[in-house]
Amino acid sequence: MAGNSSRRGAVRNSGSKKGPQTGSGGQRRRGLEGKGPTPKAAERPNHKAYDKSAGNKRPTNRATTGRKKASTEMIAGRNSVVEALRTEVPITTMFIANRIDSDDRVRESLTIAAEAGIPIMETPRSELDRLTDGAVHQGLAAQVPAYQYAHPADLMDSEIPGVPLIVALDGITDPRNLGAIVRSVGAFGGHGVVVPQRRSAGMTASAWKTSAGAAARIPVAQAANLVRALEDYRKAGFFVIGLDMEGDVELPGLDLATSALVVVIGSEGKGLSRLVRETCDQIVSIPMSSATESLNAGIAAGVTLYEIARLRGAQR
């Protein structure tokens with residue numbers, strides 16, 4: 001008995017040591033056979049060095065290169081959903097709670113969605129709570145896809161009819177202002193809007209609604225560097241003018257109105273940033289009766305675009 005106990009202890013102790021064990025059958029050795037040497041970093045597709053090696057460049061798309069990928073957005077609440085449907089916000093799916101208490105807004109939303117071919121998903125309220133991140137959805141929500149921004153160079157397309165007119169935004173962070181400006185660009189013959197990639201309003205559902213459908217026709221481009229984009233426009237033959245209360249020239253009778261033009265609009269609080277101001281060919285002011293008043297960015301854009309359209313029409 002004592003001998004058997006000693007033998008069992010010896011087996012247990014040998015199992016704690018490294019190396020092949022009794023009865024392993026060489027499994028460890030066979031597992032290492034046939035795999036060969038580890039490939040170099042430049043030969044591994046999932047390694048960052050792979051992209052840098054010759055001949056392994058991944059294809060890029062000019063419309064998305066250097067741009068942060070936007071995420072989908074959920075619109076929550078009966079008023080918000082029906083307004084989004086009325087203004088043709090590009091909704092991909094509408095969600096409605098099980099056994100919802102129907103009213104005029106719900107019925108109208110269902111009618112518009114059905115006529116537009118928008119999928120309607122009936123879902124538990126707990127799932128709606130999760131999809132809307134706890135917002136007050138009143139049993140109704142809609143999903144808006146990520147906006148597909150253009151590239152600033154796309155707005156210089158020579159096939160676009162008329163004298164090019166682009167609006168660039170410098171520090172505009174309210175999406176409703178962005179939507180209002182897109183609407184004015186569409187109303188007065190503009191060709192597109194440029195926004196910076198950072199510290200700027202984006203094409204959210206709120207911007208879509210404020211544009212009153214113009215966002216479906218007017219492209220919005222996103223620039224990784226606004227100053228560089230403005231310099232590229234100048235090299236392409238555009239004049240760049242910035243709006244400011246203390247401008248070099250006044251808007252009425254603007255000499256550059258009939259030229260290919262980029263109009264830069266700054267934020268209400270800070271105005272144009274220093275580098276953007278230095279890039280402009282002219283700083284233009286809108287004359288007002290009181291020096292203490294200032295215009296909302298959307299209104300300033302509308303006034304300026306109207307005057308440019310008037311001057312261009314007078315030249316015809």
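A 1.4 Å probe run over the protein chains yields, for the range 124-239, 45 Å² of accessible area per residue, whole-number rounding.
Annotation: amide H-H contacts under 5 Å for V264 (H modelled 1.01 Å from N, sequence separation of 5 or more, or interchain): A168, I241, G242, L243. A DSSP coil position with no more than 13 other Cβ atoms inside 10 Å describes the following trypsin sites (Lys or Arg not before Pro) in the range 180-262: R198, R199, R217. Per-atom-type breakdown for the range 110-222 gives carbon and sulfur 50% of the accessible area (1.4 Å probe, protein chains only). Look at the alpha carbon pairs under 8 Å that are at least 6 residues apart: their mean separation over the length of the range 174-314 gives a relative contact order of 27 percent. The GluC sites (Glu not before Pro) of the range 110-172 meeting both criteria, a DSSP state outside H, G, I, E and B (loop) and at most 14 other C-beta atoms within 10 angstrom of the site's C-beta, are E159.
The values are calculated or read from the model by the stated rules, or taken from the named source; none is laboratory data. Computed from a prediction, not measured in an experiment: that's the story for all the values here. As a convention, Cβ positions derive from the backbone with ideal geometry for all residues, glycine included, and neighbour counts pool all protein chains shown. Surface areas here come from the heavy atoms of the whole protein model, side chains and all, with no ligands, DNA or RNA. Shrake-Rupley method; radii C 1.70, N 1.55, O 1.52, S 1.80 Å.
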